Structures are given as C-alpha cells and as structure tokens.
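**Student:** Please find one structure pasted underneath; my questions will follow.
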Amino acid sequence: MEVRKAVLPVAGWGTRFLPATKAMPKEMFPIIDKPVIQFIVEECLDAGIDNIIFVTGRHKRPIEHHFDINTDLEKHLENCGKTQLLKNIMEISRLVNPIYIRQKEQLGLGHAVLVSEPTVGYEPFIVCLGDVILKDEESVLTKMMEVYRRFGKSVIAVFEVEEREVSKYGIIDGRHIERDIHIIDDLIEKPKIEEAPSRLAIVGRYLFTPKIFEKLKVTPPGRGGEIQLTDAIKLLLEEEAVYAIKINSKVYDTGTPMGYLQTMIEFALQREDLRDDLTKYLRGLLIQPTEV
Ligand code: UTP
C-alpha cells in the first residue's frame, strides 16, 4: 500500500526554549521569514504527501492559522500590488490538506503519534518531528518510501554523528545490508560513547507500518514519565523487521536556542539578499567583540 499520510507531532511544551514557548509554538519560530513547520510541510509536499496530520496542543493555534486561508491579508496584498508575497501566502494555504488533532496531555512523542491513529487508519504513514529541518539534494522521505516499497516494513532515517555527539541521540545497533540501508537489531537512547554500538543517530523522520500503533498502546511510560517512540520501536523490532536508511542531509534541530541560532545564521548566509550584509556584520563583531 502506498504511503499517503504524514503525521507531524507539534504538541510538545518546548521547555528548552521557555519563556519564548509559553504562548508561541517553537514550530512557528521563523527561520528568517518562514516558520520552521513550513519547511517540514514543504518537505512532505515535495515527496508527494499532502495529507498532513498535525498533532497539536494548547497554545498551538498559530500553526492552524498559518496553513489557513486569510482572505483579508490576500485582499490587502492584492490592493498593494505585492504579487509575489500574495502568491507565497496563497500557496501556503492551498497546497496542504491539513487535519488537526489535539494531544490533550503532553505524554510524550510516542503518545502524540498514538493520538493520530484514528486519522491514519490501518495504513503505512510517515512521522516528521516538528522542529527538525533537513537540507538535502534529494528527498529523504522519497528515499524512505522506496525502501518501504521494497521491504514492506518500517524505515527510520539516520545520520552519522561525531563520536562525542552520540550521547545526545537515539543510536541504532544494526547490520549493513546494501548501499545506505541497514537492518536494525536494537536502539539505544543517548548512550555513553563507550556503549554506543554505532554512530548512526535517529534524525526525526520515520515511516511506520500501522503495527506501531499496537506497540504504542502497550509501551509503558519511560524517561520523564513519557511514552517514548523509541521504546515502541523496540517492541516493534520483536515482531517485524525495521530498516534504517543513512542519509547525508544537513540536520537542523531548531528546538534548542543553539540549534535555532545555527539554523538562522546558516540559512541567512545562503540567502542572496542577506549574505553580504550579514557576513560584514559578523566579521565586524568577531574582530571587535562587544562587551555585554
Ligand atoms: P521534543 O523532544 O523536542 O520535546 O519533541 P518538546 O516537549 O517539544 O521540547 P522540550 O524537550 O520540552 O524542549 C519533538 C517533537 O515532538 C512533539 C514536539 O512538539 C516536537 O515537535 N511532541 C513532543 C509532541 O507533539 N507531544 C509530546 O508530548 C512531546
């Protein structure tokens, strides 16, 4: 069965970004002039998936407004003759086919995925974390769907991290099958360097068979009392194969202040209208650091 739906869990508290996230979703933080979540929605659309299921929570309404039609704004832009902006704004709301479901209590990423079950139904689906942007020449989701088409089983995107970084991620223990494909034996959440079975870290893009829902239902709360997606995948591994695809994308975790800053700076340096002025500004700062 073809993959038609993507679940984007965006209900988390975003505690690493408080107080900014008290009333504003971190997924709506701008990378210059485009919110993080729009990059992720565009990634899904590029892979041919326009059935997008947002798992939202309180304070997440701006996400719904962002993908909705705003006729007043459109009229205003039309009257001002701002045709390019008008085109952009119209595209955002017309390309996506969004569904919003509430995760009433923030019981973890695994729980957020489980909440989407009635909308996903019994079919394979994609999960994209709402705060991780990938930059790649090729579509990671398309590659994942190709692996799914071949093996008919769940697929997780992984990327190679430095040894000193392994303790920040979920790391796979797997066997290489061919090219960039591995079959997973186990997953270890944030291992110490000496205990890490590989340097292949889970990146925040998953393709699941619907069996994952069965496993999520019986996954006991783990770290922080939350239902961890990784724990459910470990249960899934007991019953069916799970594959990993190693990607070469640049990974931007916008959910921490440092990751967000890096994303902003890198994206700005890639923009023709900002690159020169920003470079000049940063050079000036680095040559004469200001006392704060
Ligand atoms: P994070 O692990 O970044 O958690 O979630 P968080 O709660 O948002 O942020 P911190 O750790 O408190 O700073 C990864 C993705 O999963 C969603 C988040 O919105 C984010 O996009 N999520 C997380 C949920 O939808 N529900 C949850 O209960 C937890």
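The values are calculated or read from the model by the stated rules, or taken from the named source; none is laboratory data. This one's a predicted model, so the numbers in the text were calculated from it and none came from an experiment. Cβ placement follows ideal geometry from the backbone for every residue including glycine, while neighbour counts extend to all protein chains displayed. Heads up: the accessible areas ignore ligands, DNA and RNA and are worked out on the full protein's heavy atoms, side chains in. Shrake-Rupley method; radii C 1.70, N 1.55, O 1.52, S 1.80 Å.
**Student:** Once you place label points 7 Å from the Cα toward the Cβ at R94 and E239, how far apart are they in nm?
**Tutor:** Label at R94, label at E239, 4.3 nm between them.
**Student:** Next question. Quick one: angle between helix 83-95 and the longest Cα principal axis of the chain, in degrees between 0 and 90, rounded to 10, please.
**Tutor:** The answer is roughly 20 degrees.
**Student:** Taking 0.36 nm per residue of separation and subtracting the Cα-Cα distance, what length does fully extending E138 through H59 add?
**Tutor:** So the extension gain works out to 25.1 nm.
**Student:** How far, in degrees from 0 to 90, does helix 71-80 lean away from the longest principal axis of the Cα atoms of the chain, to the nearest 10?
**Tutor:** Roughly 40 degrees, rounded to the nearest 10.
**Student:** With the other protein chains left in place, how much accessible area per residue, in square angstrom, belongs to region 6-111 at a 1.4 angstrom probe?
**Tutor:** Values: 5620 Å² over 106 residues.
Ligands and nucleic acids excluded, the figure is 53 Å² per residue.
**Student:** Region 214-292: which GluC sites (Glu not before Pro) are DSSP loop and have at most 11 other beta-carbon atoms within 10 angstrom?
**Tutor:** Hits after loop and neighbour filter: E291.
**Student:** Right, next: Round to a whole angstrom and tell me the spacing of the C-alpha centers of region 169-191 and region 108-159.
**Tutor:** For region 169-191 versus region 108-159, the Cα centre distance is 16 Å.
**Student:** Also, quick follow-up: Between F151 and D277, what is the spin-label point distance in nm, taking each point 7 Å from the Cα along the Cα→C-beta axis?
**Tutor:** 4.8 nm
**Student:** Now for a separate question. Percent antiparallel among DSSP beta bridges with both residues in the chain, to the nearest 5?
**Tutor:** 60 percent
**Student:** Taking Cα pairs under 8 Å and at least six residues apart, what relative contact order does region 42-138 come out at, in percent?
**Tutor:** 38 percent
**Student:** For region 1-135, would you read off the P(r) tail past 26 Å as a percentage of all alpha carbon pairs?
**Tutor:** Taking all Cα-Cα pairs of region 1-135, the fraction more than 26 Å apart is 24 percent.
**Student:** Excluding E138 itself, what net charge comes from residues whose Cβ is under 12 Å from its Cβ, given Lys and Arg +1 and Asp and Glu -1?
**Tutor:** -4
**Student:** Between the DSSP loop rule and a limit of at most 11 other Cβ atoms within 10 Å, which trypsin sites (Lys or Arg not before Pro) in region 182-221 are left?
**Tutor:** Of the trypsin sites (Lys or Arg not before Pro), the ones in loops of region 182-221 whose Cβ has at most 11 other Cβ atoms within 10 Å are K192.
**Student:** Per residue, how much accessible surface does region 138-282 expose to a 1.4 Å probe? Answer in Å², no decimals.
**Tutor:** 51 Å²
**Student:** What distance in nm separates the two pseudo spin-label positions at D50 and I69, each 7 Å out from Cα along the beta-carbon direction?
**Tutor:** Calculated label separation equals 1.4 nm.
**Student:** With the calculation restricted to Cα positions, what are the radius of gyration and Dmax of region 91-134 in angstrom?
**Tutor:** 12.3, 34
**Student:** Right, here's the next one. Please give the Cα centre distance for region 1-58 versus region 246-292, rounded to the nearest Å.
**Tutor:** 22 Å
**Student:** How much length would be gained if the chain were fully extended between H76 and I193, taking 0.36 nm per residue of separation minus their Cα-Cα distance, in nm to one decimal?
**Tutor:** 36.6 nm
**Student:** Given just the C-alpha atoms of the chain, how large is their convex hull per residue in cubic angstrom?
**Tutor:** Hull volume over Cα atoms, normalised by residue count, gives 165 Å³.
**Student:** Let me ask something additional. Could you look at the chain and say what percent of its accessible area is carbon and sulfur, using a 1.4 Å probe and all protein chains?
**Tutor:** C and S atoms contribute 52 percent here.
**Student:** Another question, then. Rounded to the nearest 20 Debye, what is the dipole magnitude of the chain about its Cα centre when Lys and Arg each give +1 and Asp and Glu each give -1 at the C-beta?
**Tutor:** Value, rounded to 20: 520 debye.
**Student:** Then there's this: Please compute the volume of the convex hull spanned by the alpha-carbon atoms of region 148-199 and report it per residue in Å³.
**Tutor:** Details: hull volume 4.1 nm³, N = 52.
Here the figure is 79 Å³ per residue.
**Student:** If you don't mind, there's one more thing I want to ask. For the chain, take the longest principal axis of its alpha carbons; what is the angle in degrees between that and the long axis of helix 272-287, to the nearest 10 within 0 to 90?
**Tutor:** 90 degrees
**Student:** Suppose only helical runs count, i.e. DSSP H with n ≥ 4. What mean residue ellipticity at 222 nm does that imply for the chain under -39500 (n - 2.57) per run, divided by all residues and rounded to the nearest 500 deg cm²/dmol?
**Tutor:** The helix-only estimate for the chain comes to -11000 deg cm²/dmol at 222 nm.
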